[in-house]
Amino acid sequence: MGYLQELGVSALWLMPFYPSPLKDDGYDIADYTSVHPSYGTVQDFKTFLNAAHDRNIRVIVEMVLNHTSDQHPWFQESRSSQDNPKRDWYVWSDTDTKYQGVAHHLRGHGMSNWAWDPISKQYYWHRFFSHQPT
């Protein structure tokens, strides 16, 4: 970390490092409270953060909040029942015709922002990949 300080680095921007199936380079977060095992542990992150702060280097952690992984416990709960308290944490519909004017961000990966969920028996909204419900 000392060499970064010597270079005059004043801030580091970290991509998501949370547990994830890694279908989208970690942007499909499955747990916001931990660290993906390939990057270490929460304690490793704290050690890194303290070392950066000791050198007056700020750390920006990219926090993706507009979608999760379909493996995230919130989505798993949401899809489990239409009466689940987390149901409205995601966008669900009986049809895939709502919001037809909204363009799909990843045109090469399907033309719809909706994906059918066989467990919930409804469609869920996604703005990127279908494994990243919104």
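The values are calculated or read from the model by the stated rules, or taken from the named source; none is laboratory data. Just so it is clear, the structure is predicted and the values come from calculations on it, not from any experiment. All Cβ positions, even for glycine, are placed from backbone atoms using ideal geometry, and neighbour counts span all protein chains on display.
Results, tabulated for the structure shown:
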quantity: Selected residue [under 30 Å from residue 10 (Cβ atoms), in the same structural domain as residue 13 (by TED's automatic domain parsing) and under 20 Å from the mean Cα position of the chain (by Cα)] from 44, 54, 25; calculated: 25
quantity: Output for segment 84-108, where each listed residue is at pLDDT 95 or above and either over 15 Å from residue 133 (Cβ atoms) or loosely packed, with under 12 Cβ neighbours inside 10 Å (or both); calculated: 85, 88, 94, 95
quantity: Qualifying residue in segment 104-124 (condition: within 24 Å of residue 16 (Cβ to Cβ) and part of a helix (DSSP H, G or I)); calculated: no
quantity: Some residue of segment 55-72 being outside any helix (DSSP H, G or I), touching a residue at least 60 places away in the same chain (Cβ under 8 Å) and touching an Asp or Glu at 6+ places or on another chain (Cβ under 6 Å); calculated: yes
quantity: Count of residues meeting criterion [within 27 Å of residue 127 (Cα to Cα), among the charged types (D, E, K, R) and exposed (fewer than 13 other Cβ atoms within 10 Å of the Cβ)] in segment 16-61; calculated: 1
quantity: Test: residue in segment 4-11 that is over 12 Å from residue 69 (Cβ atoms), outside any helix (DSSP H, G or I) and free of Cβ contacts under 8 Å to residues at least 12 places away in the same chain; calculated: yes
quantity: Qualifying residue in segment 101-121 (condition: among the charged types (D, E, K, R) and touching a Pro at 6+ places or on another chain (Cβ under 9 Å)); calculated: yes
